[in-house]
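Trainee: Here's a structure for you.
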Amino acid sequence: MPKPVPSTPPRATLTGAARLATHGTLGLVRLVEAMHARIQRPPGIPGPKDGRTRGLTGLVYRSVHGVTRLVGGSAEALLGLLPEAVAQGPRSPRHDAVVAALNGVLGDHLAATHNPLAQSMQLCSEGEPLVLSRAALAQRFPTPSAGVLVLLHGLCMNDRQWRRKGHDHGAQLAAALGLTPVYLRYNTGLPVADNGRQFAELMAKLLRVWPHPAPRVVLLAHSMGGLVARSAFHQAGRAPWTRRVSDLVFLGTPHFGAPLEKTGHGVDLLLDAAPYAAPLARLGRVRSAGITDLRHGLGPEVGLPPEVRCWAIAGTLGADPDALPPKLLGDGLVRLPSALGQHRDPSRRLPFPPERQWVAAGVGHLDLLCSKAVGNRVAAWLQAAAGEGAAPAA
């Protein structure tokens with residue numbers, strides 16, 4: 001709990017603090033709304049100049065703005081009222097999307113102040129948390145499968161958002177490979193190392209109580225989720241669960257950082273050209289530990305897990321990945337070399353074999369989640385790898 005204030009400030013100080021809180025909170029809401037507006041529209045289609053959302057989503061954000069002004073602008077008051085402003089019921093997609101964005105922007109603050117909106121790490125299925133006991137999982141997944149597919153989302157997102165534009169890589173791969181998909185949900189504003197440690201502990205528990213023989217565990221990670229997975233393996237060492245993982249697939253993971261976040265002190269032409277990146281330029285003033293980690297990526301001490309097949313897919317906004325603009329922009333958030341583990345310093349390069357790298361031309365960062373070409377490539381890779389007969393140790 002926050003420590004009590006030792007003395008009462010003068011009325012003018014209280015008024016000024018309340019005004020600053022109002023401005024800061026409204027700025028935070030505008031940031032989240034701008035990110036949401038960018039995510040909503042397809043690449044190449046200009047959005048409203050004011051960065052505001054429209055329709056039902058716009059109504060939700062307008063209500064949040066109104067509530068913020070009405071209660072005098074306290075950040076804590078906004079965060080307390082936000083669930084009622086955006087949710088029609090528990091765990092609604094609207095509520096989850098806004099809370100996930102807030103966790104990405106200031107999730108470390110939410111956790112440090114024990115705010116109820118701080119997202120705890122959990123595994124989900126069809127939008128609902130799983131109870132990690134053998135009996136509960138046996139009831140939820142009564143039919144044995146060829147293994148378990150765990151999907152890790154990226155910054156400001158949640159487990160529901162793997163379903164995008166009617167497509168879900170988890171459902172596609174489950175059908176193609178006979179895997180049971182489960183989806184990670186976590187606070188993306190926490191340091192990557194903290195989330196990596198929690199994910200390692202969660203995987204250990206999941207596989208201890210999984211009710212069926214699971215000879216194969218596959219991890220599919222989008223964006224920051226890939227950094228969390230790498231950190232988990234690094235911290236887990238030779239823990240038994242790591243030997244159950246056969247494959248780790250990265251989708252647009254900023255292994256060496258996301259340079260668009262580094263320009264958080266101003267919007268330039270590069271950011272304006274990137275369909276999802278411009279709102280992130282505002283994060284220079286509101287920056288969680290998770291965002292800072294996204295800027296830098298992981299250090300050279302955190303490599304790829306050595307006994308796991310690792311695959312990397314990068315997106316580009318242009319149709320020709322060898323042209324200069326796609327190389328500079330990458331998928332709109334992550335540059336091509338960073339997503340493929342390529343570094344100017346040979347000692348820092350990640351050892352993805354050429355046959356385990358692929359560039360999805362014309363696919364933006366978030367559309368890596370809904371590209372059928374990406375899903376087909378991952379399915380083909382994993383089907384071929386399963387045929388190699390290199391099952392992980394039980």
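The values are calculated or read from the model by the stated rules, or taken from the named source; none is laboratory data. Being a predicted model, the structure only gives us computed values, none of them experimental. In this analysis, Cβ positions are derived from the backbone assuming ideal geometry, glycine residues included, and neighbour counts consider all displayed protein chains. Each accessible area value is taken on the protein alone, full model and side chains, heavy atoms only, with ligands, DNA and RNA left out. Shrake-Rupley method; radii C 1.70, N 1.55, O 1.52, S 1.80 Å.
Trainee: Output the antiparallel fraction of DSSP beta bridges having both residues in the stretch 112-237, as a percent to the nearest 5. Display every interim value, and only then the final one.
Mentor: Details: 7 of 17 bridges.
Roughly 40 percent of the DSSP beta bridges within the stretch 112-237 come out antiparallel.
Trainee: Can you tally the net charge around residue 147? Count Lys and Arg as +1, Asp and Glu as -1, for every other residue whose Cβ sits under 14 Å from the Cβ of residue 147.
Mentor: +3
Trainee: With a Förster radius of 22 Å, plug the Cβ-Cβ distance of residue 355 and residue 176 into 1/(1 + (r/R0)^6) and report the FRET value to the nearest 0.05.
Mentor: On the way: r = 19 Å, r/R0 = 0.88.
Plugging the Cβ-Cβ distance into 1/(1 + (r/R0)^6) gives 0.70.
Trainee: Something else: Subtract the Cα-Cα distance of residue 125 and residue 239 from 0.36 nm times their separation in residues, and report this length gain in nm to one decimal. Don't skip to the end; give the middle numbers.
Mentor: Values: separation 114, 0.36 × 114 = 41.04 nm, distance 2.50 nm.
Result for the pair: 38.5 nm of gain on full extension.
Trainee: What does the highest-first list of 300-308, 142-150 look like by mean Cβ count within 10 Å?
Mentor: Details: 300-308: 14.8, 142-150: 17.8.
So the order, starting with the most tightly packed, is 142-150, 300-308.
Trainee: Take each of the peptides 349-356, 183-190, average the number of other beta-carbon atoms within 10 Å over its residues, and list them starting from the highest.
Mentor: Order by mean packing, descending: 183-190, 349-356.
Trainee: Ordered by residue, what ³J(HN,Hα) values in Hz, to whole numbers, does the stretch 301-306 give under the Karplus form 6.51 cos²θ - 1.76 cosθ + 1.60, where θ = phi - 60° and Gly and Pro are x?
Mentor: 6, 9, x, 7, x, x
Trainee: Roughly how many percent of the accessible protein surface of the stretch 157-236 is carbon and sulfur, given a 1.4 Å probe and a whole-percent answer?
Mentor: Using a 1.4 Å probe with all protein chains present, the stretch 157-236 comes out at 53 percent carbon and sulfur.
Trainee: Now, a different point. For the stretch 95-146, rounded, prolate or oblate, judged on the Cα gyration tensor with a ≥ b ≥ c (square roots of eigenvalues), a/c < 1.5 rounded, else prolate if a/b > b/c?
Mentor: prolate
Trainee: Please compute the modelled spin-label separation between residue 132 and residue 204, points set 7 Å along Cα→Cβ, answer in nm with one decimal.
Mentor: Using points 7 Å along Cα→Cβ, the separation is 1.0 nm.
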